[in-house]
Amino acid sequence: MARVFSGIQPSGELHIGNYLGAVQRWVALQSQYQCFICIVDYHAITQDYDVSMLETRTLDMATSLLAAGIDPERTVLFVQSHVLEHTELAWVFTSVTPIGELERMTQFKDKSQRQESVLAGLLSYPVLQAADVLLYKADTVPVGEDQVQHVELMREIARKWNARYGDGFFPEPQALVGEAKRIVGLDGQAKMSKSLGNTIGLLDQPEVIWQRLRPAMTDPARVTRNDPGTPEICNIYHLHQHFSPKKTVEEVAHKCRTAGWGCLDCKRVLADNIANAFKPIRQRAAELKKRPEQVREILAAGAAKAREVAQETMRGVRERMGLLPARTEAVVDR
Ligand code: AMP
Ligand code: TRP
């Protein structure tokens with residue numbers, strides 16, 4: 001069975017962007033693939049973060065993923081730092097990765113620009129990401145568009161390692177990018193992202209969705225209610241395409257062009273449709289939040305399954321690289 005791996009930062013909550021861009025597809029892929037979904041806490045520390053909140057955000061992310069339909073019976077759901085081999089293989093990969101390739105990464109350029117002192121961890125971020133995927137010899141990596149460059153780099157890392165140490169040991173993974181490859185945030189400009197504060201959360205209550213959507217950017221040509229607009233350039237219209245039935249989408253386009261609706265009318269319909277779409281997920285999350293111990297247990301079981309595969313891969317890696325075998329394999333049970 002082909003193997004899927006993907007990761008998500010422990011940012012606490014799923015939002016419409018990472019849900020439509022990635023998580024929704026992970027849920028769909030579970031029936032055809034063996035899936036590994038990892039909450040990447042060691043990636044999260046490469047930028048400033050709130051130490052006192054990391055644990056909570058990790059658990060909340062797990063809760064959201066389970067509520068969104070990740071099924072722990074079929075998918076291995078786990079936390080990156082619970083499987084030590086991720087950082088071990090990342091170290092190995094730093095020795096086949098040219099610095100120039102890392103400096104070229106768009107995400108690195110964006111993030112490092114915003115910082116006074118650039119950390120080595122931020123530069124090496126895609127090396128750890130390559131280790132995440134290759135540790136499981138996964139062939140398919142469902143992600144949003146922003147991660148495609150990182151997946152290409154992991155293909156190159158696999159090729160370089162294979163060429164030096166063991167032909168064909170690592171497969172070259174393929175990015176799988178869906179229709180919702182880049183969901184734009186409520187500012188109508190940037191990618192929807194928790195760090196930019198332009199999100200609608202998957203677990204937001206209906207009234208919160210409305211409050212967030214109300215001031216959202218629309219077609220700037222619509223200054224007053226009577227000004228006609230161009231739906232194709234409006235992010236609210238694009239969101240309708242993901243949440244409203246075809247007939248409503250057509251109606252929205254028509255009412256926008258003819259100024260039949262004001263932007264608030266259009267947003268009201270969208271807010272209701274988003275709230276309805278996520279109602280079952282909100283309910284499941286509320287149930288799971290009452291049982292945090294169960295979520296921790298699911299993560300522990302996931303880590304145990306992941307570790308089996310990861311340890312096997314690392315044995316092969318060390319052997320091919322000529323390292324002296326340790327007399328006893330370290331037994332790590334966390
Ligand atoms: P993150 O939440 O940034 O860790 O991203 C998790 C996954 O969601 C990655 O595959 C991203 O490419 C995808 N993703 C995040 N934000 C968006 C967005 N605004 N539009 C489409 N995909 C996204
Ligand atoms: N870098 C990804 C993001 O920010 C998260 C991630 C970490 C990931 N490791 C991965 C995605 C492995 C796919 C495969 O969204």
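The values are calculated or read from the model by the stated rules, or taken from the named source; none is laboratory data. The structure displayed is predicted, hence computed values, not measured ones. Cβ placement follows ideal geometry from the backbone for every residue including glycine, while neighbour counts extend to all protein chains displayed. Ligands, DNA and RNA are stripped out before the accessible areas are found, and what is left, the full protein with its side chains, is counted by its heavy atoms. Shrake-Rupley method; radii C 1.70, N 1.55, O 1.52, S 1.80 Å.
If you scan segment 144-174, which residues turn out to be among the small types (Gly, Ala, Ser) and either more than 14 Å from ligand 1 (Cβ to nearest atom) or part of a helix (DSSP H, G or I) (or both)?
Across segment 144-174, the qualifying residues are Ala158, Ala163, Gly166, Gly168.
Can you tell me which of (1) in a helix (DSSP H, G or I); (2) more than 17 Å from the chain's Cα centre (by Cα) is the one Ala131 doesn't meet?
(2) is the only condition that Ala131 fails.
In this structure, is Ser81 open to solvent by 10 Å² or more (accessible area, probe 1.4 Å), away from ligand 2 (no atom under 16 Å from the Cβ), at pLDDT 95 or above and in a helix (DSSP H, G or I)?
The answer is no for Ser81.
Does segment 197-209 contain any residue that is assigned to a helix (DSSP H, G or I), on the phi < 0 side of the Ramachandran plot and without any contact (Cβ under 8 Å) to a residue 60 or more places away in the chain?
yes
If I ask for residues that are open to solvent by 60 Å² or more (accessible area, probe 1.4 Å), farther than 19 Å from Gln129 by Cβ and of a type in the set (Val, Ile, Thr), which ones from segment 27-55 would you list?
Selection gives Val51 alone.
Please find, within segment 101-132, the residue that is surrounded by the most Cβ atoms within 10 Å (Cβ to Cβ) out of those that are among the acidic types (Asp, Glu) and at pLDDT below 95.
Asp110
Is segment 84-97 home to any residue that is modelled with pLDDT under 95, assigned to a loop (DSSP other than H, G, I, E, B) and open to solvent by 10 Å² or more (accessible area, probe 1.4 Å)?
no
Table: residues versus (1) part of a loop (DSSP other than H, G, I, E, B); (2) closer than 30 Å to Trp91 by Cα; (3) without any contact (Cβ under 8 Å) to a residue 40 or more places away in the chain.
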{"position": "Ala221", "(1), (2), (3)": "yes, no, yes"}
{"position": "Glu232", "(1), (2), (3)": "no, no, yes"}
{"position": "Lys255", "(1), (2), (3)": "no, no, yes"}
{"position": "Asp265", "(1), (2), (3)": "no, no, yes"}
{"position": "Leu270", "(1), (2), (3)": "no, no, no"}
{"position": "Ala275", "(1), (2), (3)": "no, no, no"}
{"position": "Leu299", "(1), (2), (3)": "no, yes, no"}
{"position": "Ala310", "(1), (2), (3)": "no, yes, no"}
{"position": "Gly322", "(1), (2), (3)": "yes, yes, yes"}
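Output the residue which, of all residues in segment 163-196 that are free of Cβ contacts under 8 Å to residues at least 24 places away in the same chain and away from ligand 2 (no atom under 16 Å from the Cβ), is nearest to the chain's Cα centre (by Cα).
Glu179
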